[in-house]
Amino acid sequence: MKKTKILIVEDEGIIADDIANVLRKKNYEVIGICPSGKKALEAIEKEIPDLILMDIMIKGDIDGVQTADLIKEKIDVPVIYLTAFTDDNTIQRAKITDPFGYILKPFEERELYTNIEIAIYKHKAVVETKNRQRILEILTSFDEVSSKLSSFLITSKAVNFINNYLGIGLPLVYICDEKNSEYQIYCPDGMENLIESDRALRKDTMMSEFQSVKSFFLLDNLSIYSRYKFEKRLINKKYKSATIFPLELEGEQIGFFALFSKNGETTSEKNIHLLSLLITRLQSALYNARLYESLQESRQRFKTFSDSLPQVVCELDLNGRLLYVNDVALEMFGYKKEEINNFNVFEHVVPEDKDKLNNNLKRIILGEEVKEAEYNVVKKNGEVFPVVIYGNVNLQNGVPIGFRAILIDISERKKNEETIRKLSTAVEQSASSIIITDNRGNIEYVNPQFSKVSGYAQEEVIGKNSRALKFGKMSDAEYERLLDTINNGGEWRGEFLNQKKNGELYWELATISPIKDANKVTTHFIAVKEDITDRRVAEDKLAEEKERLAVTLGSIADGVVTTDISGKITLINKAAEKILETDSKDALNKLIGGLFNVYDDISKKKVKNPVELVLSSGVSYESAKPVVLVTKSGREKIIEDSGAPMRDVGGKIIGVVLVFRDITEKYKMQDEFYKSKKLESIGILAGGIAHDFNNFLTAILGNITLGKIYSNQNDKIYEILSEAEKACIKSKELTQQLLTFSKGGAPVKKIGSITSLLKDSIDFILRGSNVKSEYIEEEPPLAIEMDDGQINQVINNLVINAKQSMENGGLLTVRVENIQKKATDNLPIADGAYVKISIKDRGAGISKENLQKIFDPYFSTKETGNGLGLSISYSIIQKHKGYITVESDIGKGATFYIYLPAIDVVYEKRDGVGNKVLKNSARALFMDDEELVREVAGKMLNFIGCEVEFASDGEEAIEMYKEAFENNKKYDLVIMDLTVPGGMGGKETIKALKAFDPNITAIVSSGYSTDQVMSDFKKYGFKGIIVKPYRIEDLSRVINEVIQ
């Protein structure tokens, strides 16, 4: 018998030895004597005693009570106090630690023995009570966990429960399949990696060896089963032993419960007892679960079967309340699933059918057979519908307890019966002749209308073969084609001339179709015929009228299209074919919307075509403004359109007449005219500004050039004057742009080639940029008569715009070609030879709405643009009797086209004169209304060497010239301002002077002109021109040219 192990904690050595000797005599095992609380705590770490004898007043940091309290926190062991003190304070402190005895020193051996035995017995009782309580709690908790209705959930929860509560190893449950070939293995959560999804592991396990074992057994050495894959995996995880319980249901083994241990020790008797109790409960829970699952499976099979039926299947009690119903009832009666529980079938029968229902129920209870009974029942929403109910009584021990019934919704059947009745009535009362034959053509039925139209009575044709009637004048070949069509399952439709019983001919439209049974076999034929004699007569007349109309429509220039009420084209004339770019073959019977698509000219939004508008409103329509027609090729044409309804004799609309006219050319001409007017109005203002500005510039530039002459080139002042001179020249270019808007900005033309001008401009503007250029000239361009400065301005504007549009670089393509414009070309310029210049960039492109305004003054898409560049270019090309236009798509760049009139003459290129002042001693008369101009001109003329006199207007100049002429002091040269506000200008003055002296030498000068004098000065009697502002070098050159 195992000895009771006792630890003595006493600081008095003699007393401690005496106690130890007494204990050994009583057959107790003394495992140690500790003189302090610290030593006692160290001792229990090495070996746990069954009882401790503790002196309260021991030496050291802690006394006996404190030591007992600390021991209690670590282990459950009974403590008996030994003390010589009996004061209340000591006793109260000791009581808190729940001691199992209290012995006062000195004591007798028997007293010590009695206290020890009582303490050990009492502690065992307490421990046993706690163990039983713990087992009860475990079993209660296990029952809660295993109270699931699913075998899978029960087993999973049970494994986790045992693992969490016992914590003494690895619990696994093996459930065998029906063939005992493999196991479903359950493990605690978090250890799924032991089993994973490897089916080989489930088959290759040692449990296959224990299928005949009936009671639990222990495996001390798991390694002997390492030949099995699953157990080998456990061995690799350091598991050494196992406790195994077979699992049985109704005497049949279904698997095993196994508890695997790593320390190699077997499971204690206490834990085996507890596991036996848990395994018993697990088996019971699995049994109940399998019963429940079997029942559920049976119910589910029945539910699946009943739900697959199209009828309501139900069980009722004797009062009609549902005990079971399939889901079809929910849809049939309109209830939700939770509402159907309180559903009473009898209460949903309409009151009128209640007596019939009660009588039939009594008959069923009495055992009579009620084959089929129709009732009207009510849905949740109040809708009444018909059903057929098949039912029988449900008996228990021979006593009726309810009914089993099937409800069939016969609404569709009732509708079909009603439909058949209506169809039968419709056939009898139809205005069409109807014939039904069998599949051999024998007539089985004709309706009254057949007899009325044909004159044959029903009894005259019933039973006869329809071939005998042969549909009047139909040819044998056509009749054979008819029979071939319907015998092959097709439908024949056609018109033919028939003959009545009395011999009268009439036209019929017939449709003959096969009637097939459920197997798609033709059993009968039905012919539906309509007398169309009146229609055929009207159609013949209409055909004649259409022919006359077609001739008329073919001879007019407007496009004409007629449609039916669905919008399908029924007629289209030649003009419409040309405008729409189609032909009658493609257009007829097509919807008008497929060919006639029109858009607003401004917003570019699609608008309804006149056919739609007329059909929706019922009245005529005429467009308030032109619209854009987009043809099927994508071309845009400007048209005017209108539409009117066509009505039959009863006033009913039967179609629409659409009339439209292509005004693209006219529209473009108007557009060009409006643009010209805009530029003309701006030009009037610009010309006035340019005239005054150039006068001031003449005074400034003239004085600057004189200042340069009188200064040393090395002086700072010379450099400053040169910069000022450049600024004046730049200002001159600005006024030249303004002049382009005015009538007086007419180009001063000379014959030349565009080639060098284009190349120089392009090279200069693109130099140093990331834009490259290519110049294409397939043949030498024809000569053109142009103002080099103005045309250069146009090219500069276009190339600069192209460069700015290609911010990230790109290619600028310039193409020059000679073309011959013909009358058929869609260009608003006269016929003849032209040089065509194309300038194409690869930039961002121009939107359609901006293309309409691209040449308008002050219109710009740039933040810093003034909107004059393209307007000026447009004006310059117009004044050269040419044309400029543009094509562009967003993201694809833009191409500008310039057309300039070409001439077939040779031109000479002359070198310019340098910047020298040419001396001349001529006697000159200078006429200008501006005093500043007169003053600076006088200084320049004097420096050139001329003797000069001044006049402020034409009248004064004429008077001075005549007086000098008569006094033999004739002027060698007259320089006149072309425009004198409020006075006689150079144009009128030269006429008077030429009449007086035909040999007069005159130069015209202007910063602005209102007519063509500057561009054709010789025609008006002048021998030279000088444009304001001018330098002294320019003045001296012109004087020398005309004098020489």
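Arranged from highest to lowest average of other beta-carbon atoms within 10 Å per residue, in what order do the peptides 11-18, 568-575, 974-981, 446-453 appear?
In decreasing order of mean packing, 11-18, 568-575, 974-981, 446-453 become 974-981, 568-575, 446-453, 11-18.
What percentages, rounded to whole numbers, describe P(r) for the stretch 5-132 computed over all alpha carbon pairs with 10 Å bin width beginning at zero?
Reading upward from the zero bin: 13, 49, 34, 4, 0.
From the P(r) of the stretch 146-295, can you give the percent of Cα pairs sitting at distances over 22 Å?
Within the stretch 146-295, distances greater than 22 Å cover 35 percent of Cα pairs.
Using the Cα atoms as the points, what is the convex hull volume per residue of the stretch 248-295 in Å³?
Measuring per residue, one finds 85 Å³ for the Cα hull of the stretch 248-295.
Using only Cα atoms, figure out Rg for the chain and give it as a multiple of 2.2 N^0.38 Å.
1.98
Using Cα pairs closer than 8 Å and at least 6 residues apart in sequence, work out the relative contact order for the chain, in percent.
4 percent
Any chance you could check the Cα centroid distance between the stretch 344-394 and the stretch 236-261 for me, in angstrom?
Going from one Cα centre to the other spans 60 Å.
Could you sort out which of LYS122/LYS214; LYS749/LYS994; LYS72/LYS124; LYS605/LYS637; LYS590/LYS892 sit more than 27 Å apart by Cα distance in this structure?
LYS122/LYS214; LYS590/LYS892
Lys/Arg Cβ at +1, Asp/Glu Cβ at -1, dipole of the chain taken about the Cα centre: which of LEU697, LEU295, LEU278 is farthest positive-ward?
Sorting the options by dipole projection puts first LEU295.
GluC sites (Glu not before Pro) within the stretch 369-401: which are DSSP loop residues with at most 10 other Cβ atoms inside 10 Å?
Those that pass, being in a loop and sparsely packed, are GLU369, GLU372.
Can you give the convex hull volume per residue for the Cα atoms of the stretch 28-101, as a whole number of Å³?
About 89 Å³ per residue, rounded to a whole number.
Given N residues in the stretch 384-523, what is its alpha carbon radius of gyration divided by 2.2 N^0.38 Å?
Scaled against compact globular proteins, the figure is 1.66.
Sorted by mean Cβ packing within 10 Å, highest first, what order do the peptides 872-879, 75-82, 475-482 take?
Per-residue mean Cβ counts within 10 Å order the peptides as 872-879, 75-82, 475-482.
Where both residues lie in the chain, what percent of DSSP beta bridges are antiparallel, nearest 5?
If I count the DSSP bridges inside the chain, around 75 percent turn out antiparallel.
Expressed in nm², what is the orientationally averaged projection area of the convex hull enclosing the Cα positions of the stretch 754-906?
Result: 9.2 nm².
Too long at a 21 Å Cα-Cα cut-off: which of LYS379/LYS414; LYS666/LYS821; LYS464/LYS501; LYS415/LYS520; LYS750/LYS1028; LYS5/LYS25?
LYS415/LYS520
Sort out for me the Cα centre separation of the stretch 970-1036 from the stretch 792-845, rounded to whole Å.
37 Å
Could you give the dipole magnitude of the chain about its Cα centre, charging the beta-carbon of Lys and Arg +1 and that of Asp and Glu -1, in debye to the nearest 20?
Charge dipole, the chain, about its Cα centre: 1340 debye, nearest 20.
Give the distance, in whole Å, between the Cα centre of the stretch 68-138 and the Cα centre of the stretch 631-672.
So the separation of the two Cα centres works out to 119 Å.
Based on the inverse mean of 1/r over its pairs of different Cα atoms, what is the Kirkwood hydrodynamic radius of the stretch 741-812, in Å?
This gives a value of 13.6 Å.
Using the Kirkwood radius over C-alpha pairs as Rh, can you work out the diffusion coefficient of the stretch 302-414 via Stokes-Einstein at 25 °C, viscosity 0.890 mPa s, in µm² per second?
For the chosen part, D equals 171 µm²/s.
Out of the stretch 568-670, which GluC sites (Glu not before Pro) are coil in DSSP terms and have no more than 15 other C-beta atoms within 10 Å?
Qualifying residues, ordered by number: GLU581.
Size of the stretch 537-662 along its principal axes in angstrom, Cα-based, largest extent first?
49, 29, 22
So what's the back-of-envelope 222 nm ellipticity for the chain, counting only DSSP H runs of four-plus at -39500 (n - 2.57) apiece and dividing by all residues, rounded to 500?
Mean residue ellipticity, 222 nm, calculated: -13000 deg cm²/dmol.
Throughout, read-outs are computed from the coordinates displayed, never taken from laboratory work. None of the values given here were measured: they were computed from a predicted structure. Here Cβ is always computed from backbone atoms with ideal geometry, including for glycine, and neighbour counts include all displayed protein chains.
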